[in-house]
Every structure is written in structure tokens, then in C-alpha cells.
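This report refers to the structure that appears directly beneath it.
The values are calculated or read from the model by the stated rules, or taken from the named source; none is laboratory data. Quick caveat: nothing in here was measured; it's all calculated off a predicted structure. Here the Cβ positions follow ideal geometry from the backbone for every residue, glycine too, while neighbour counts run over all protein chains shown.
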Amino acid sequence: MYKFLLQTKIGPALKSTFYFVIRNCAFFSFITVSCKSLSQDLSVKKNSEIVQYLNSNFSYNIRNVIVNKNNVIIEGNISNNPGNLYLCELRMYDEMRMVTDSFASVMPINTRQPNFRIQTNRFVTIHDTGYDRIYSRWVIALKNGTNYQIKSYAHYAEDIGDATNQYLPEEKPASKKGLGGFALGSLVQDLIDLNIRHITINTVLQSFISLAPTEYKYVFNGQTYYFNPAAVNNYEKTIKTCGDRDISVAALVLVPRTPSGPLKAIFVHPNANGGVHSMANITSLTGLNFFAATVGFLAERYSRPDKKFGRISDWVILNEVDNASYWANAGTSQLNYYTDLYDRTARTAYYTVRQYNPAAKVLLCFTHFWAIPAKSGDFAPRDILNLVSSLCNKQGDYEWGIAYHPYGEKLFDPKPWNDKDITGDINTTKYITPKNIELIDQWMCMRSHLYKGLKVRTLMFTEQGIHTKSYSREDLLTQAAGLAYMWKKCSRLSSLEAFDYHLETDNMKENGLKLGLWTVKAGTVATADQKKPAWFIYQKAGTPTEDSAFAFALPIIGIRSWSQIFSLLHEEAPPVKVTFNVTSGGTPLNDVSVYFNGEMHTTINGKVIFYNVASLSRSRSYRLIKNGQLIYPEQQVVINKEQEISINVSR
């Protein structure tokens, strides 16, 4: 295999990558055995560095990092400084250290002024390999001899609007009803018969990459990457099928740990030591570039304005990361270090996809655990989210959301209304399940969790289902009642955008779980046989006949009315939709840039929609620009409900 790779006609950049991979693979066993304890010690040290960093009270700050097509602009404040301060660069794969003798780059800051604004080139070369500084973070440091001491929080790019390649309007699913883990081998007719409006599709990064030239290629940072036509074409069938039916798609980005060979050394985190999936390998320039290039290829292809190949609107970054030992293994049990790794992975995807779709979201993915970890070596979702929020407050925000998996407390129990080990306290409940699902909505609508303090983050339920104990009539009806209960509880949440039921068909590789809407044909793994009662219940969900179809479930659950299962919604700043209608002399005005709520959207047929606007009592401004000119003066508005704003622009 390796001899073939080195004999292949490839560029010097890819050839150096192959040497890197071969060297790592050749010594993999030795490294694994001799360095296991060393990597554990290093993760503890790195964790303590991040704890110290986040607990610091720095005197100086970087206010903003702006990235456009060719430059990076860093703005900061250094009031009352002692001099000898430098603006220093940490690349995405660089670890944070409070004191260090080197950075990727250092630039002296003019300390005679309290504020500074420094511009530098966006694209650089590192050892003959291109690097895009959109992925870098910037920090102020005091030079003392040969060392630099951190004097501010690092800051990532926040303003990347001028770095985008095109404009696309923000899109939302037409309804919340969806399917998880959907692929074209599934029953396509179900998309129509169940009126599905959203799906999640598994996206295994290594499956797309080809280490030999193919017809599918993508240039990233001056280096050409090739992609497996069979994998792309098969994946694309699902994306295109959904796009043709106006079904929104979220890609679940996965990095399996098990494949051997060159791609493992490239994509899998070098410290991964168990589980079936790995944290992405963003610990080196090679790993970062391959991860970003693969996501970039998919984002470019599935963000075309004409939707020729279909559209991916949102990106779920890894699966159930709180179950770190199994689904996103990075060989560490250190919360702060692990969360920083995950945050950097999500940011890498975000800065990549936003260049092709400036409305795309990245979603952080969690199990139904909340204030406790699933087991030793894992982490509580609450703790990861609190840390991500802290990192964003200190290092610059980006538009991440949550892909939550609200199964019942016990996956094999089809009666989530009987969950016992839960509470109604967002700070202490061990789980968030359908029974107390209002809590995740409460968390999303907290003012402290809004994107830039203005917008409710995207929430999707991308995997949840109800088990069927057997195919007896009683057990099938219990599953259907469980689904009715789950839908009733979840669909009323104002912050929820998609409910992707898992699975379409029972799967014999689900460790005994039978979650499907279809039974499985005897002797097969996942071939659909018969529709379960749950299938017909899901068909009626979200329709005018929902209540009559769901009525059978009331006595099974032990209630007389659905109102008995609802808890009070605590929404500090619930999301609403704001529509701008822009005309001139009664004619819709196109290509007008509307700046509102910290975003910019462009009118199409005179209309633009801002989604997830947080209901707040304070006023917000909006302004209209066309061809670089202000065409409507800045106005103030208070948004506390869904609203349409009609504007007639004078000729």
C-alpha cells in the first residue's frame, strides 16, 4: 500500500503528507505502548493550563478579529500598559500556554496609544504548506527575555462576512418532523407519506478522501485534495433526493477510529485509545487541513445557489461528544482540555462552511444525560456547554447550536412518562428526557446563552426513538403511545427546529433496541417488513387530525388530557421571526442589504426574513444599504413578538 502511494504521481505537498503518515503508522504500536502514560500526564498539564487561563483576570483585551478575502484585522485595547507588548498568533492546532518562548507569529504593538488596529495577510505558508489564518486566534503577550507571558484572552475571528464566497438566505425546515440517520437505501416513499421536512445524514469524513487523483478535486490553501467518486455519488443521491423535495438536511460529521492505514493517522486524534469514533485530529497542520478540506469540499458542493447537487444547511459536529470514551475519543478524561479540543473542532468546521453558506450552523451533539456523565471517562453535557459558553464569552462568539438526543431515561423502557431519575431543575437534573424536555428549551432561551446576546441558537433533536419490547399488539401500541407522548412534549417548544425520529426501520445492530417505525424482515439486518402502529401515529403528527389519532394513547399513559403532561415553559427570550418587506413605489426592491440583529440578509423579491430573533425589551436598530449606499436611515425597533416591518424607499 505505502509503496503504491509513493509511486503515485502526486504533488510535493501530498507526498510529504504520505511520508508523515507512513512514519506515524510504522511506529504506531511503539508509540501507543511507550507514550500512553506520557499522553495522560500531558493532558492533565494541558487541562491545568486551560483552567488557569480561563480563571485569569487580564488587563488587556482584543475586541474584534475581522477576516476578509485577503487580510486579517485585529483590534484591541492596551490602556495603562508597561510597554513591550506583542500581538501573537496561535494557530488552530496550537495549544494554549500561559508562558511560552514561541508563537506562530509575533508583531509589536504600538504601546503609545490605548487602542490598536493591526492588519496582516490572511494566507501564509508553513514549511511549504498553505495555511489560512481565518482559523487562528490572537492574543496580547508581554515579552520578558526570551519568553512571552499571556496578557489577554485569545480571540478568534468573529466578523467573517467579507470572507464569504457568496450570499445564501437563511433557511429553516418547513416543519419540525424529521428522520434521523436517513440514507437513500431507506424507504424514500416515507419522505412523502410521513411529510418529512428534515433529515440527518451520517457523513464519515474518511470515506470521501482519495489519496490518489480522481475526477473530484478541491483546492484548499494551495493544495489539491481528491475525493472518492463512488462515495460522493452515493452520498449525493440522498442529499439531492431531499433537496428536490424541499427537505432540509443536517450532516452528522463522523470520524471513525477503527479504519487502519494512512487515513487513520491523518483524521483520527493521535491520543484516541478506545471507542468506535474519535475526536477530529486538529493537532497538526496536516490533520487540520485534511479535516477542513473535506468539510470544505462538501460545503462548496452542497451550498450552490441552484442546489444542483442538493443543500446541506447545518452541520452536526461529531456524535454525542459527552460520551467521550466511545463517540469522540481523544484519550483524555480532562474536561477543560477535552472541551477546548471540541470547541476548536467545531470552530474549524464553522469557519469552513460559512465561507460557502453564511447562514450555516454548526451543532454540538449530546446524549440525554445532563448534569452527570454517562460513565467514568465521560462528561456531563451541562458542563461541556457551560465551558463552551465561557470560551465564547472570552474568545469571541460563533453561531453554534445544539443537536440533542432526548431519549427516555432508560432506552429499553418505552414509557418515558415513568422516568424517575429526573427533576425540573436545569442545574441539577441528571437527565433531560421527554418528561422534563421543557428544560432544554429553558436553557436555549436564557439571555446568557444567546448568540451575541441577540439570537436564540438553533436547537434540533437529531436522534430519539421509542423501543418496542416485542411485536405483540400490546407492545406495538405502547411504542406508538410513547411516540405520541414524545411528540406532544417536544413539538410545543418554541426553540426546537427539527425532531428527527430514530429509526425508520428496526436494526439488528442496535444492541437489541427496536426503535423503528417499521418491523425488520426476518433474517435481515434492517430490511423493512411491516409498518408498526407508530408509523401511522408519526404520519398524523403535526396534522389537523393529530389529537384524534393520538387519543388511543391517553389511557395507556394514564391521563385524560394532553395538558396533564405539560410543564410550564420558562423562556426568558423566546425566538420569533421578523420579516422585512422592502418596496420602492410599490415595487419589491431586490438586492437590498438589511442590517439587523447583528446580521445582514439580502432581499429577494423585496423580502428578507430574520429567524430566531430573541424577544427582548430593549430596542435594536436596522438600516438598509444598496450598492454601498445607505438608502434608509437607521431606525430603532423593539421586538417581543413575531413581526413584519414594511419599508417604502423613496426613489
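One table, with the values for the structure above:
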{"item": "Tally, over the stretch 416-462, of residues that are farther than 22 Å from HIS502 by Cα, basic (Lys, Arg) and part of a helix (DSSP H, G or I)", "result": "1"}
{"item": "Residue count, the stretch 357-385 (criterion: hydroxyl-bearing (Ser, Thr, Tyr) and either surrounded by fewer than 22 Cβ atoms within 10 Å (Cβ to Cβ) or not assigned by TED's automatic domain parsing to the domain that holds ILE432 (or both))", "result": "1"}
{"item": "Criterion violated by THR224 - all others in (1) over 25 Å from the mean Cα position of the chain (by Cα); (2) within 19 Å of THR352 (Cβ to Cβ); (3) among the polar types (S, T, N, Q); (4) not in a strand (DSSP E or B) satisfied", "result": "(4)"}
{"item": "So ASN393, is it more than 23 Å from ALA324 (Cα to Cα), in the same structural domain as THR200 (by TED's automatic domain parsing) and either surrounded by fewer than 20 Cβ atoms within 10 Å (Cβ to Cβ) or touching a Pro at 6+ places or on another chain (Cβ under 8 Å) (or both)", "result": "yes"}
{"item": "Unmet requirement for GLN334, which otherwise passes all of (1) polar (S, T, N, Q); (2) closer than 25 Å to LYS430 by Cβ; (3) surrounded by 24 or more Cβ atoms within 10 Å (Cβ to Cβ)", "result": "(3)"}
{"item": "Residues (in contact (Cβ under 8 Å) with a residue 40 or more places away in the chain, part of a strand (DSSP E or B) and more than 23 Å from TYR135 (Cα to Cα)) located in the stretch 200-221", "result": "THR200, ILE201, ASN202, TYR216"}
{"item": "Test for THR286: is it more than 30 Å from ASP128 (Cα to Cα), surrounded by fewer than 21 Cβ atoms within 10 Å (Cβ to Cβ) and of a type in the set (Val, Ile, Thr)", "result": "no"}
{"item": "Residue check, GLY408 over 19 Å from the mean Cα position of the chain (by Cα) and surrounded by fewer than 23 Cβ atoms within 10 Å (Cβ to Cβ)", "result": "no"}
{"item": "Pick from the stretch 490-537, criterion assigned to a loop (DSSP other than H, G, I, E, B) and among the basic types (Lys, Arg), ranking: farthest from THR433 (Cα to Cα)", "result": "LYS521"}
{"item": "Single unsatisfied condition, ALA480 versus (1) closer than 23 Å to VAL316 by Cβ; (2) crowded, with 21+ Cβ neighbours inside 10 Å; (3) aliphatic (A, V, I, L, M)", "result": "(1)"}
{"item": "The stretch 530-550 residues that are at positive phi, paired with ones that are in a loop (DSSP other than H, G, I, E, B) (beta carbon under 6 Å, 6 or more apart)", "result": "GLY542/SER175"}
{"item": "From the options LEU496, LEU517, LEU513, residue that is touching a His at 6+ places or on another chain (Cβ under 6 Å), assigned by TED's automatic domain parsing to the domain that holds HIS198 and touching a residue at least 40 places away in the same chain (Cβ under 8 Å)", "result": "LEU513"}
{"item": "Condition met for LEU184 (under 25 Å from the mean Cα position of the chain (by Cα) and on the phi < 0 side of the Ramachandran plot)", "result": "yes"}
{"item": "Given (1) in contact with a strand residue (DSSP E or B) (Cβ under 8 Å, 6 or more places away or on another chain); (2) over 30 Å from ASP193 (Cβ atoms); (3) among the small types (Gly, Ala, Ser); (4) in contact (Cβ under 8 Å) with a residue 60 or more places away in the chain, number of the condition GLY606 does not satisfy", "result": "(4)"}
{"item": "Subset of the stretch 256-309 (residues that are part of a loop (DSSP other than H, G, I, E, B) and of a type in the set (Val, Ile, Thr))", "result": "THR258, VAL276, ILE282, THR283"}
{"item": "Only one of ILE625, ILE557, ILE639, ILE609 that is β-branched (Val, Ile, Thr), surrounded by 14 or more Cβ atoms within 10 Å (Cβ to Cβ) and under 28 Å from ASN436 (Cα atoms)", "result": "ILE557"}
{"item": "Qualifying residue in the stretch 284-299 (condition: among the aromatic types (Phe, Trp, Tyr) and either assigned by TED's automatic domain parsing to the domain that holds ARG133 or more than 22 Å from GLY181 (Cα to Cα) (or both))", "result": "yes"}
{"item": "Residue list for the stretch 119-135, restricted to those being buried (at least 16 other Cβ atoms within 10 Å of the Cβ), free of Cβ contacts under 8 Å to residues at least 60 places away in the same chain and not in a loop (DSSP other than H, G, I, E, B)", "result": "THR120, VAL124"}
{"item": "When residues of the stretch 233-292 are limited to those that are closer than 19 Å to THR462 by Cα and small (Gly, Ala, Ser), the one farthest from the chain's Cα centre (by Cα)", "result": "GLY243"}
{"item": "In the stretch 538-567, residue nearest to GLN479 (Cα to Cα) [restricted to those that are among the aromatic types (Phe, Trp, Tyr) and in a loop (DSSP other than H, G, I, E, B)]", "result": "PHE552"}
{"item": "Matching helices (runs of 4 or more DSSP H) fully within the stretch 317-415 where at least 2 residues are within 23 Å of GLU158 (Cα to Cα) and not aromatic (Phe, Trp, Tyr)", "result": "335-353, 381-395"}
{"item": "Hits in the stretch 391-428 (condition: among the hydroxyl-bearing types (Ser, Thr, Tyr) and more than 26 Å from ALA250 (Cβ to Cβ))", "result": "THR423, THR428"}
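Conditions tested, residue by residue: (1) under 28 Å from GLN334 (Cβ atoms); (2) in contact (Cβ under 8 Å) with a residue 12 or more places away in the chain; (3) part of a loop (DSSP other than H, G, I, E, B).
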residue: VAL65; (1), (2), (3): yes, yes, no
residue: GLY76; (1), (2), (3): no, yes, no
residue: GLY83; (1), (2), (3): no, yes, yes
residue: MET107; (1), (2), (3): no, yes, no
